[in-house]
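Read through the structure below, which is laid out as structure tokens, and then see the notes.
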Amino acid sequence: MEPGPHADRMSEPEAGATSPALAQAVSAPLTRAAIFLVATLNPSSDHRATLRSFCGELAALVRAVEFRDLEGGLSCVMGFGSDAWDRLFGPPRPAELHPFREIRAGARHAVSTPGDLLFHIRAKRMDLCFELATQFMARVGSAVSTVDEVQGFRYFDDRDLIGFVDGTENPRGAAVADAVLIGDEDAAFAAGSYVIVQKYLHNVSAWNALSTEAQERIIGRTKLSDIELDDSVKPTSAHNALTTIVEDGKEIKILRDNMPFGRPAHGEFGTYFIGYSRSPRTIEQMLENMFVGRPPGNYDRLLDFSRAVTGNLFFVPSATFLENVPEDRANEDLTNEDRTNEDRTNENPPTVAKSPAAPAVAEASLSLSSPTVSDGSLGIGSLKGDIRHE
């Protein structure tokens, strides 16, 4: 979409720089705890100014909380939705940034839900995640409205709540940067990444009623040992078959850090899918294969037991970009659009959605420590969605 009259044009943060852009902590090691925060940006120039100022403060806030436990592995990634990018920054835009594309196929529905900002907070301890999220919300205050908040946890030996190991095929080592960080194809946003998030709820009772062998055919792996089934016995509709993307004879990888979440007393059991990639097209093709089928009709049978209740696409700019975001003028007048939006907001306050019952690019964490790449989290291999029409 075209930026509004209030959007500020930004020069490339890396323009003329002599050092490569530093990436956000996309490839931080897998942790035992995470918080996923999705929010919308409230109207008014003051709120935009708050968010732009916050961009430059993000790293310092992470360092302040991290310093209380240097072994805690605290990190945070901040992403922006398509509309929020136009409102906060204006042109230039990341080349492939667009709203999440919903998919409908029969009873299966990959929903698109509101979301301007994503905070992906990770640590070995939930209290560190909780403290950082608290500091963030205290800082941005009324500038945003939270539409979804999920506290994820690592479940035994990296399994999801349907009992299978998740994230086995994550890239490792140097392959991570190649999979997730933008390079020459969009040089103005080098070291950035795209991220898609979806929250899936599982019908655990129906799933557990299946035999182990039936579950293994749906996933494409053995349940106990996590060994991929041989192609001679693995159905073409298996989850790991449909989420394998090959171009020119080479498998295109993404980086997942999915987390289980739930409320047993409410019968809520789910997986929060989060996938990073240097192009959103890879994950979008995975979702197309899962929901529509490859070929159409040969869909992911996991979706008979799980359903997606959220869906968002965000762009994760480099840490260098965030540190160079200029602040808005403090006394900037509201535009007519701002005034209209504010009037509507005052009349109808937003409700909070509730879940149902590369050139050479240097990678750097926003924390003091330098994260190493680990393999492990739940993969799109953990997209769980029994998709019903909303």
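Do we have Ile121 as in a loop (DSSP other than H, G, I, E, B), among the hydrophobic types (A, V, I, L, M, F, W, C) and modelled with pLDDT of 95 or more here? The answer is no for Ile121. If the condition is being more than 18 Å from Phe164 (Cα to Cα) and charged (D, E, K, R), then segment 247-267 contributes Glu247, Asp248, Lys250, Glu251, Lys253, Arg263. Checked across segment 32-49, the condition of being part of a loop (DSSP other than H, G, I, E, B), closer than 15 Å to Leu128 by Cβ and open to solvent by 40 Å² or more (accessible area, probe 1.4 Å) holds for at least one residue. Residues of segment 164-193 that are out of contact with any strand residue (DSSP E or B) (no Cβ under 7 Å at 6 or more places or on another chain), surrounded by 22 or more Cβ atoms within 10 Å (Cβ to Cβ) and in a loop (DSSP other than H, G, I, E, B): Ala190 alone.
Do you know which residues across segment 152-163 are closer than 23 Å to Ala39 by Cα and buried (at least 24 other Cβ atoms within 10 Å of the Cβ)? Correct list: Gly152 only.
Residues in segment 194-205 that are out of contact with any helix residue (DSSP H, G or I) (no Cβ under 6 Å at 6 or more places or on another chain) and surrounded by 18 or more Cβ atoms within 10 Å (Cβ to Cβ): Val195, Val197, Gln198, Lys199, Tyr200, Leu201, His202, Val204.
For His239, the stated conditions hold: it is modelled with pLDDT of 95 or more, closer than 21 Å to Tyr155 by Cα and crowded, with 20+ Cβ neighbours inside 10 Å.
Out of Lys234, Lys253, I need the residue that is closer than 24 Å to Tyr155 by Cα, of a type in the set (Lys, Arg) and surrounded by 11 or more Cβ atoms within 10 Å (Cβ to Cβ). Which one? Just a single option satisfies the conditions, and that option is Lys253.
Condition check: open to solvent by 10 Å² or more (accessible area, probe 1.4 Å) and either in a helix (DSSP H, G or I) or modelled with pLDDT under 95 (or both). Does Ala95 satisfy that? Judged against the criteria, Ala95 is not a match.
Annotation: Phe54 fulfils all but one of (1) over 20 Å from the mean Cα position of the chain (by Cα); (2) under 14 Å from Pro317 (Cβ atoms); the unmet one is (1). Considering segment 124-151, the residues that are in contact with a Phe, Trp or Tyr (Cβ under 9 Å, 6 or more places away or on another chain) and part of a helix (DSSP H, G or I) include one that is most open to solvent (accessible area, probe 1.4 Å), namely Arg139.
The values are calculated or read from the model by the stated rules, or taken from the named source; none is laboratory data. What you see is a predicted model; the values in this text were computed from it and never measured. Every residue, glycine among them, receives a Cβ derived from its backbone with ideal geometry; neighbour counts consider all protein chains shown. Ligands, DNA and RNA are excluded from the accessible area calculation, which covers all protein heavy atoms including side chains. Shrake-Rupley method; radii C 1.70, N 1.55, O 1.52, S 1.80 Å.
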